[in-house]
Amino acid sequence: MITPMTLEQFGFTPWFQKQLDASVSEGWKPARITAVHKGWCDISDGDDTRPAKTTGKLRRAARETNDYLTVGDWVLASNFCEGDFAMIHSVLERQNTLKRKTAGKEVSHQLIAANIDTAFVVHTLDMGFNLPKLERYLSIVNESGIEPVVLLCKKDLLPAKELKARLAEVEARLPNVPVFAFSNTSGSGLKKVQKLFEPAKTYCLLGASGVGKTSLINSLLGEEDLYFTLPVRESDGKGIHTTTWRELIVLNNGALVIDTPGMRELGHLDTGAGIKDTFDELTALAVQCQFRDCAHTKTKGCAIEAAVEAGTIPKARYENFIRMRQETAANERSVREKGWKNK
Ligand SMILES: Nc1nc2c(ncn2[C@@H]2O[C@H](COP(=O)(O)OP(=O)(O)OP(=O)(O)O)[C@@H](O)[C@H]2O)c(=O)[nH]1
Ligand SMILES: [Mg+2]
Ligand SMILES: [Zn+2]
C-alpha cells in the first residue's frame, strides 16, 4: 500500500473539490469514509485514518432520508488530528450511490457504497452458478448508473469443456457487459482482472456470499499484505470468514476497492431503469408489441413472446425479466401505499 496518499489519489475528484466553497467552516477538512461500524465510522484523508462520529443534526437528516453515511462517502470533519473521535459535520454531494432494498417487509433502502467508478459483480462458476441471481446484482448496478463488469470466479473448479459452455452461456445472456473469468486458487485469468483496477479510481465488489470477493482482494494485494487470511472455509461457501462489514481497501497500485458482504435478501426497489438496461434487447423489442401497455405475458401481438417462441431470446432470460418486472411493480405499489398512510 502506498501511504501517505494525496486527497486526489484517494479519489477526491474536481466534483468534490468544487463543493469546498466559502461555506466551509474553519477547521473542517475533507475525508473519506473507509468503514462504517455501529455508532462510528473510520475516516481517512489518504494519510491518517481516524474513528469519527456524526453531529446530531446530520444523524437526524440521515434518518429522514434513510441516507446514512456509507463507505466511499466524502465528508467534512473537524478535530481530524487530535482527540478521540473526529466530528463529521456534513456529507459532500455524492456522485452516485449503490443501494439495495433492506430486508423485511418495509420497502426502504440501504446504501451499499457511494462514489464508485466501476462496480464488479462477482459470481461463481461452480455449483453456485445462477444467472438470474447474477442479473439481480447487475440490475442494482445499472439502476445506480454505474458501469458494471462481471467477474466469474473459481474457474479452476470446472473442466475446460464445461467452462467454455458456461462462458458462452453468460456471453449470450449478457451481450453488453464485459465478462472475465478467473481463479484465486490457480491464478488463472488474474492478470487480466488485475489490469481492470486503476490508481485513484474507486471500485466496489458485489455478489453473493462465498463467491470469492474477499479472496480476490487478497489475490490482488499479494502475499505480503494479506488483508484478511482465509483459511479453509466450509464447502457450503459460508463460514467464519464471511465479510460482515464494508471496507475501503487500497491496492498496491493505488486502486481503491470496497469489499461488501454478500447480500442475503436482494430485493428490488425502484429498479425500473435498471431492468431496462439489464434487459435492453427485450425492452427494445417491446415497442413492437401491438398494445402500448403490453404485459408480455400471454398477450396478443406481443413481440417479446414471439421472439422467445422463435428462439431468438432465451426462455430463461425472458422468465427472469418478467419476474423482476413483477417484483418491481409490487414494490412500487407498496411505496405508494406507504405514502398514502403517511399523509
Ligand atoms: N476453488 C476455488 N475456491 C475459491 C476461489 N476463490 C475463493 N475461493 C474459496 O471460496 C470461499 C469463499 O471465499 P470468500 O472470498 O470469503 O467469499 P466472499 O465473496 O468474500 O464471501 P462473503 O464475504 O461471505 O460475501 C473460500 O473458502 C475461498 O477459499 C477460487 O478461485 N477457486
Ligand atoms: Mg468477503
Ligand atoms: Zn409484449
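Each part reduced to its alpha carbon centroid, segment 1-61 and segment 181-225 end up 26 Å apart. Our summary gives segment 122-212 a relative contact order of 39 percent, counting only alpha carbon pairs under 8 angstrom and 6 or more residues apart.
What FRET efficiency comes out for the pair ASN253/SER209, r = Cβ-Cβ distance, R0 = 25 Å, nearest 0.05? Show your work: numbers first, answer last.
Numbers: r = 27 Å, r/R0 = 1.10.
Efficiency computed from Cβ-Cβ geometry: 0.35.
Take the Cα of ASN96, step 7 Å toward its Cβ, do the same at LYS201, and the gap between the two points is 1.2 nm. Between PHE85 and LYS38, how high is the FRET efficiency from 1/(1 + (r/R0)^6) when r is the Cβ-Cβ distance and R₀ = 22 Å? Nearest 0.05. So, using R0 = 22 Å, E works out to roughly 0.95. The ranking of VAL179, VAL71, VAL91 by Cβ neighbour count inside 10 Å, starting from the fewest, reads VAL179, VAL91, VAL71. Once you order the gyration tensor axes a ≥ b ≥ c over the Cα atoms, which shape class does segment 14-91 get: rounded for a/c under 1.5, otherwise prolate or oblate by comparing a/b with b/c? Judged from the Cα gyration tensor, segment 14-91 comes out rounded (a/c under 1.5).
Please report the net charge: other residues with Cβ closer than 10 Å to the Cβ of MET5, K and R +1, D and E -1.
That works out to -3.
Going from the fewest other Cβ atoms within 10 Å to the most, the residues TYR137, TYR318 appear in the order TYR318, TYR137. Spin-label model, GLN17 to HIS109: label points 7 Å out along the Cα-to-beta-carbon direction sit 2.9 nm apart.
When the C-alpha to C-alpha distance is required to be over 20 Å, the pairs from LYS155/LYS192; LYS18/LYS99; LYS99/LYS213 that qualify are LYS18/LYS99. Cα-based radius of gyration for segment 279-337, normalised by 2.2 N^0.38 Å, reads 1.17. Put in line by how crowded their Cβ is, counting other Cβ atoms within 10 Å and starting with the fewest, ASP126, ASP47, ASP21 read ASP21, ASP47, ASP126.
Since every read-out is calculated from the coordinates, none of them should be taken as a lab result. The structure presented is a predicted model; accordingly, all values stated were derived computationally and were not measured. Virtual Cβ from ideal backbone geometry, glycine too; neighbours counted across all protein chains shown.
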